[in-house]
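Asks: Quick one: structure below, then a few questions.
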Amino acid sequence: VVNQLLTWFPGHANYVEGRLTLFGHEARVCGVNDAAAEGRIRGSTFIYWYADEVTLYPKNFFDMARTRLSPPDALAIGTCNADSPYHYLKREWIDKQHERDCKVFSFVIDDNPALTPEYVESLKRDYTGGFYDRFILGKWVIASGLIYGCWDERRNECAGVPGRAEAIIVSVDYGVTNPTVFGKHCYCRGTWYRSEEYYWDSEREKRRKTDDEYADDFDKFCGRDVPEAVIVDPSAASLALALENRGYNVVPANNDVVLGIRTLSTMMARGEYKVVAAACPDFLRERAQYVWDPKAALRGIDAPLKVNDHAMDDARYFAMYVAGPEKIPAVHEYGTTGGRYDHVIREMLG
């Protein structure tokens, strides 16, 4: 957003060391990554507030920012993708827009003037289930049922890697009482293959292993294959250190759960992620039981049910490493609508 302002208004917008000046007014640029961000704006007064992806903001920040818009004609503009129908923004504002001092504008993916028709069609092919309803159709729906419903045995399961691996990445989900899982991923001819897995369930085996024992098992698991990266559960600091001491290139995993699920779903739908069925039985078992948590959905939160998720976790760590965060196509003349939405802009600004 800041870069676009600098491009659109040369001479009237300036940004230096986190401070934005726009048409002579100071603008606060504020990241909202957790509930503590509310303290950054407490006591301030604003005449305009632009909030990008506002459904990701903690409610306490949203409520505080709203109280800071005290001057006459102060205005807030928020953009977002659809989310759970139980989200506070949906229940308290969108559903009550006629009772509140607000207006709501809805769009589908085809309305985005910055995306080419070819890219829009590719997105429609990539998204499935609840993600399709939200990000393509703009519907506020519950994330429910099987998470990887896009899985197709004919497309996503195979008997083996069809050639020599061009790259190898191993992802790790670590548990003390829960299972510890290694997933070996081989890149071959434009596709990633989960070629082999290690699954140690301490409860089932009636014995816990030490980090050194897991590191020994990891050496045997890799064998002669030297992974270019080992993506490790960010909470597994001790195991990560043990693997680093043995010379492995350890990378902390990105643990954004929903984005990781969405990224892996896209790879599955495109046929870019395949599993060697005979070598990865625990992945296939968990995949068939991996579902959204219905109680979390009623609180407006998208979260998987925390069972049968260990191979699922290591797989999304891998997906985030090779394909996330989401890659946005180059945007040309962004913000130029050719008059298609001038009436919307006029109405938003009164």
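The values are calculated or read from the model by the stated rules, or taken from the named source; none is laboratory data. The structure displayed is predicted, hence computed values, not measured ones. As a convention, Cβ positions derive from the backbone with ideal geometry for all residues, glycine included, and neighbour counts pool all protein chains shown. Remember, those area values only see protein heavy atoms, side chains included, never the ligands or the DNA or RNA. Shrake-Rupley method; radii C 1.70, N 1.55, O 1.52, S 1.80 Å.
Asks: Grab the Cα-Cα distance for residue 157 and residue 45, subtract it from 0.36 nm times how many residues apart they are, and report the gain in nm with one decimal.
Replies: 34.7 nm
Asks: Separate question: For labels at residue 52 and residue 122 in the simple 7 Å Cα→Cβ model, what's the distance in nm?
Replies: Distance between the two pseudo-spin positions: 2.1 nm.
Asks: Taking amide H positions as placed 1.01 Å from N in the peptide plane, with prolines and chain starts having none, which residues 5 or more places from residue 48, or on another chain, fall under 5 Å of its amide H?
Replies: Those qualifying (amide H under 5 Å, at least 5 residues apart or on another chain) are 75.
Asks: Still on this structure, please answer the following. Please compute, for the alpha-carbon atoms of segment 2-82, the extent along each of the three principal axes and give them in descending order in Å.
Replies: 36, 28, 24
Asks: Of the DSSP beta bridges with both residues in the chain, give the percent that are antiparallel, rounding to the nearest 5.
Replies: Approximately 60 percent, going by the DSSP bridge assignments.
Asks: Cα-based count: Lys pairs in the chain below 22 Å, eight or more positions apart or different chains?
Replies: Lysine pairs, 8 or more places apart or on different chains, close enough: 22.
Asks: With charges only on Cβ, +1 for K and R and -1 for D and E, what is the dipole size of segment 14-132 about its Cα centre, in debye, rounded to 20?
Replies: On the way: 14 positive and 18 negative charges, 86 e Å.
The dipole of segment 14-132 has a size of about 420 debye.
Asks: Apply the Karplus curve 6.51 cos²θ - 1.76 cosθ + 1.60, θ = phi - 60°, to the phi angles in segment 184-201 and return the couplings in whole Hz, x for Gly and Pro.
Replies: Here the 3J(HN,Hα) series is 8, 10, 10, 9, 8, 6, x, 9, 9, 10, 7, 8, 6, 9, 10, 9, 10, 9 Hz.
Asks: Let me ask you something else. Could you give the distance between the Cα centres of segment 101-123 and segment 155-214, to the whole Å?
Replies: 38
Asks: Among bridges DSSP assigns within segment 1-155, what percent are antiparallel (round to 5)? Numbers along the way, then the final one.
Replies: Working: 8 of 13 bridges.
Bridges in segment 1-155 are about 60 percent antiparallel.
Asks: Output wanted: per-residue J couplings in Hz (rounded whole) for segment 69-80, from phi through Karplus 6.51 cos²θ - 1.76 cosθ + 1.60, θ = phi - 60°, x for Gly and Pro.
Replies: After applying 6.51 cos²θ - 1.76 cosθ + 1.60, I find 8, 8, x, x, 6, 4, 9, 10, 10, x, 10, 6 Hz.
Asks: Full extension from residue 34 to residue 166: what is 0.36 nm times the residue separation minus their Cα-Cα distance, to one decimal in nm? Spell out each step's value before the answer.
Replies: On the way: separation 132, 0.36 × 132 = 47.52 nm, distance 3.95 nm.
Once the chain is fully extended between residue 34 and residue 166, it gains 43.6 nm.
Asks: Could you order peptides 299-307, 269-277 by the average number of other Cβ atoms within 10 Å of their residues, highest first?
Replies: The most tightly packed comes first, giving 269-277, 299-307.
Asks: Ranked by accessible surface with a 1.4 Å probe, highest first, in what order do 221, 9 come?
Replies: From most exposed to least exposed: 9, 221.
Asks: Go through 172, 78, 104 and say which Cα lies farthest out towards the positive end of the charge dipole of the chain; charges sit on Cβ, +1 for Lys and Arg, -1 for Asp and Glu.
Replies: Among 172, 78, 104, the one farthest towards the positive end of the dipole of the chain is 104.
Asks: Okay, next question. Report the convex hull volume per residue for segment 112-236, counting only C-alpha atoms, in Å³.
Replies: Expressed per residue, the convex hull around the Cα atoms of segment 112-236 is 190 Å³.
Asks: Also, I was wondering about something else. Please state the charge dipole magnitude for the chain, taken about the Cα centre, from unit charges on C-beta atoms (+1 on K and R, -1 on D and E), reported in debye and rounded to the nearest 20.
Replies: Dipole magnitude for the chain comes out near 520 debye.
Asks: Among 13, 35, 48, pick out the residue whose Cα is farthest towards the positive end of the charge dipole of segment 1-70, where Lys and Arg carry +1 and Asp and Glu carry -1 on C-beta, about the Cα centre.
Replies: Checked the options; the winner is 48.
Asks: Check residue 231: other-chain or 5+ apart residues with amide H under 5 Å from its amide H, H built from backbone geometry?
Replies: Residues meeting the criterion, in which the H sits 1.01 Å from N, are 170, 171, 172, 251.
Asks: What number, in nm² with one decimal, is the all-direction average of the projected area of the convex hull of the alpha-carbon atoms of the chain?
Replies: The Cα convex hull of the chain, projected and averaged over all directions, gives 21.2 nm².
Asks: Tell me, what is the FRET efficiency for residue 69 and residue 295 to the nearest 0.05, using R0 = 41 angstrom and their Cβ-Cβ distance as r?
Replies: 0.75
Asks: At residue 249 and residue 213, where each label point lies 7 Å from the Cα along Cα→Cβ, what is the point-to-point distance in nanometres?
Replies: 3.1
Asks: Output wanted: per-residue J couplings in Hz (rounded whole) for segment 38-54, from phi through Karplus 6.51 cos²θ - 1.76 cosθ + 1.60, θ = phi - 60°, x for Gly and Pro.
Replies: 4, x, 6, 10, 4, x, 8, 10, 10, 9, 9, 9, 10, 10, 8, 6, 5
Asks: So for the chain, taking the charge dipole from beta-carbon charges (+1 Lys/Arg, -1 Asp/Glu), which of 62, 268, 304 sits furthest toward the positive end?
Replies: 62
Asks: Return the Cα extents of segment 147-196 along principal axes one, two and three, sorted largest first, each rounded to a whole Å.
Replies: Computed over segment 147-196, the largest-to-smallest principal extents equal 37, 27, 16 Å.
Asks: If you place +1 on the Cβ of every Lys and Arg, -1 on the Cβ of every Asp and Glu, and leave all else neutral, what size is the dipole of segment 1-48 about its Cα centre, to the nearest 20 Debye?
Replies: Numbers: 4 positive and 4 negative charges, 15 e Å.
I would put it at about 80 debye.
Asks: Relative contact order (percent) for the chain, with alpha-carbon contacts under 8 angstrom and 6 or more residues of separation?
Replies: 16
Asks: Sticking with this structure for a sec: Tell me, what is the percent relative contact order of segment 10-145, built from C-alpha pairs under 8 Å that lie six or more residues apart?
Replies: With pairs under 8 Å counted, the relative contact order is 18 percent.
Asks: A further question follows. Using amide H atoms built 1.01 Å from N in the peptide plane, name the residues 5+ places from residue 275, or on other chains, whose amide H lies under 5 Å from its own.
Replies: Counting only residues 5 or more places away or on other chains, the set is 157, 158, 194.
Asks: Largest first, what is the accessible-area ranking of 184, 209, 139 with a 1.4 Å probe?
Replies: Values: 184 5, 209 40, 139 100 Å².
So, going from the largest accessible area down, we get 139, 209, 184.
Asks: For residue 6 and residue 188 in one chain, what is 0.36 nm times their gap in residues minus the Cα-Cα distance, to one decimal in nm? Display every interim value, and only then the final one.
Replies: Working: separation 182, 0.36 × 182 = 65.52 nm, distance 4.27 nm.
Once the chain is fully extended between residue 6 and residue 188, it gains 61.2 nm.
Asks: Mind computing the radius of gyration and Dmax over the alpha-carbon atoms of segment 263-328? Å is fine for both.
Replies: Computed over the Cα atoms of segment 263-328, radius of gyration and Dmax are 13.1, 39 Å.
Asks: What does the charge add up to near residue 261, with Lys and Arg as +1, Asp and Glu as -1, over the other residues with Cβ less than 11 Å from its Cβ?
Replies: -2
Asks: Classify segment 85-135 as rounded, prolate or oblate, taking a ≥ b ≥ c as the square roots of the eigenvalues of its Cα gyration tensor: rounded when a/c is under 1.5, otherwise prolate if a/b is larger than b/c and oblate if not.
Replies: oblate
Asks: Further question on the same structure: If you take the square roots of the eigenvalues of the alpha-carbon gyration tensor of segment 54-166 and sort them as a ≥ b ≥ c, do you get rounded (a/c under 1.5), prolate (a/b over b/c) or oblate?
Replies: Prolate shape, in that a/c is at least 1.5 and a/b is the bigger ratio.
Asks: Here's another thing I want to ask about it. Taking R0 as 25 Å, what FRET efficiency do you get between residue 259 and residue 91 from their Cβ-Cβ distance, rounded to the nearest 0.05?
Replies: 0.60
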